[in-house]
Structure formats: C-alpha cells, structure tokens
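What follows is one structure encoded as structure tokens, with my remarks underneath.
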Amino acid sequence: MTRPALTAVVLAVLAAWAGAQGPTTASDKLRLHRANRTLLTDLVGGGVRLGAADHPVARAEACQQTARAVGIAVRRAAEANEADRVAELGDHLDALVRDGLVPILDDATRVIPAESPDGVRLRAVRTGAAEDLGATEAALPAGDDANVRTLRTKLAELRERLK
C-alpha cells in the first residue's frame, strides 16, 4: 500500500469520526471538544508522521502510535461509561488497525529480513500493537452489551492478525 493511501485511511477515519459527532447544545459541543481535543491532535500528528515516513518501519511505527491514541480514547470512554463513544471509537480503531497497520506490517515483513535491525523493530511494533489492543479489551466494561461483545471480538481477531 502506498503512503498516500495510508494517509488517506488515517484521515478518512478522522473525518468519519468527527462527522459522526452530533451534539445539539453548546454545552454538548464543549464537552465533546474537550473530550476530543487530545485525540484530534494525536490523529492529525499521526497522519502527518505517516505521510512523512519514507521507510516501511517508520510507517508502521507511526500507524501504531495513532492506533495507540485511539485505543487510549476507547479506554477513557469505557472508564466514563460512555457506551456509544466506546462503540464508535472501537469501530475506528478496528478500521485503523485492520486497514492500516496490519497491511503496513505485512508489506514490510515481505521486504525486510527478520534478523535485521529493522526486522526487530517490526516485531516490536507487532508486539506493542497487540499489547495495546489487549489493554483496550481489558478496559472494556463487563456485561452483555452487544456493542462491547462485538468490539471484544474485533480486538481479539486483530490481535490474532498481528501475530
């Protein structure tokens, strides 16, 4: 996958996420702005780093950092008992890892020897991304909520794809 396509994936996730927010009052807008400010900054920075990365390992690291930021936002939403936000951000995390990070890692693994220093860095990205997804899954609330069950399944499948 080319760098512009990967940048487009990150920016599409950001645009979809921002467009799905629909506060009706000024206080709702302010609350969402405060909740989203750090994530928006991280997503824009991640998109810039990803766009500027000229090496497969650098692209993988930039994408992992962006996925980590979204995972942290999912965890914060779970801690705040914001089920709709957990589901929405979880879908974006799924798309980012499935359509961005996994293909970047797979492409890089095909061209970088496993025993090289870059191969070691790639394994560290895979391991770190899987650990981040595990931490996000562990932070999800217990219960029978269908959205949470679906997200748990998606996160487990993504961890498997990262192995």
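Values for this structure:
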| read-out | value |
| --- | --- |
| Residues being surrounded by 15 or more Cβ atoms within 10 Å (Cβ to Cβ) and modelled with pLDDT under 90 - total across the stretch 83-97 | 2 |
| Hits in the stretch 104-117 - residues which are surrounded by fewer than 17 Cβ atoms within 10 Å (Cβ to Cβ) and either among the charged types (D, E, K, R) or not in a helix (DSSP H, G or I) (or both) | ASP106, ASP107, ARG110, PRO113, ALA114, GLU115, SER116 |
| Any pair with Cβ under 7 angstrom, 6 or more apart, that starts in the stretch 64-88 at a residue that is under 15 Å from ALA129 (Cα atoms) and ends at one that is modelled with pLDDT under 90 and of a type in the set (Gly, Ala, Ser) | GLN65/GLY46; THR66/GLY46; ALA69/GLY46 |
| First in the stretch 42-59 and in a loop (DSSP other than H, G, I, E, B), second anywhere and of a type outside the set (Phe, Trp, Tyr) and surrounded by fewer than 16 Cβ atoms within 10 Å (Cβ to Cβ), Cβ under 9 Å, 6 or more apart | ALA53/ARG3; ASP54/ARG3 |
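Every residue, every condition in (1) hydrophobic (A, V, I, L, M, F, W, C); (2) more than 23 Å from THR38 (Cβ to Cβ), yes or no:
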site	(1), (2)
GLY90	no, no
VAL97	yes, no
ILE104	yes, yes
ALA108	yes, yes
GLY119	no, yes
LEU133	yes, no
ALA139	yes, no
THR150	no, yes
THR153	no, yes
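Residue-by-condition table, conditions (1) surrounded by 14 or more Cβ atoms within 10 Å (Cβ to Cβ); (2) aromatic (Phe, Trp, Tyr); (3) out of contact with any helix residue (DSSP H, G or I) (no Cβ under 9 Å at 6 or more places or on another chain); (4) closer than 20 Å to LEU162 by Cα:
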position: VAL44; (1), (2), (3), (4): yes, no, no, no
position: ARG49; (1), (2), (3), (4): yes, no, no, no
position: ALA58; (1), (2), (3), (4): yes, no, no, yes
position: CYS63; (1), (2), (3), (4): yes, no, no, yes
position: GLU79; (1), (2), (3), (4): no, no, no, no
position: LEU122; (1), (2), (3), (4): yes, no, no, yes
position: ASP145; (1), (2), (3), (4): yes, no, no, no
position: VAL148; (1), (2), (3), (4): yes, no, no, no
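The values are calculated or read from the model by the stated rules, or taken from the named source; none is laboratory data. All of these numbers come straight from a predicted model, not from anything done at the bench. Neighbour counts run over all protein chains shown; Cβ positions are idealised from the backbone, glycine included.
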